[in-house]
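The structure under discussion appears below in the form of structure tokens.
The values are calculated or read from the model by the stated rules, or taken from the named source; none is laboratory data. Since the structure is predicted, the reported quantities are computational estimates derived from the model, not experimental observations. A quick note on method: Cβ atoms are made from the backbone with ideal geometry, for glycine too, and the neighbour counts reach across all protein chains shown.
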Amino acid sequence: MKKLLAVVLLFSASNVHANWIMERFDLNEDGAIEKREITLSGCTVRAGTFEHADKNNNGVLSGKEVRDATAYLFNKRRCPEMKNIRG
């Protein structure tokens, strides 16, 4: 039972983190993050990084793709300024 609880809490924590990133970077609020939205927020996207994160090659990142790419796409080195351009 404790293992199940730990798994549920871990999954919930990663979803909360992905939701925070979606709220922060999904500027047009369409439920996906475009490369342009990341750069408008003050982040640097190295060549091929966004494309690597976009596993289904549809040009946007879904919640799962965001979770999987957090370590290398949404870190402090890539997003030092964290501009808030929403107002």
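Here are a few things to note about the model shown:
- Residues that are touching a residue at least 24 places away in the same chain (Cβ under 8 Å), in a helix (DSSP H, G or I) and surrounded by fewer than 20 Cβ atoms within 10 Å (Cβ to Cβ), drawn from segment 38-63: LEU40, THR49, GLY63
- Single residue of segment 13-36 satisfying the filter (modelled with pLDDT of 95 or more and in a helix (DSSP H, G or I)) that is surrounded by the fewest Cβ atoms within 10 Å (Cβ to Cβ): ARG36
- When we screen ALA53, ALA69 for residues that are in contact with a strand residue (DSSP E or B) (Cβ under 9 Å, 6 or more places away or on another chain) and modelled with pLDDT of 95 or more, the only hit is ALA53.
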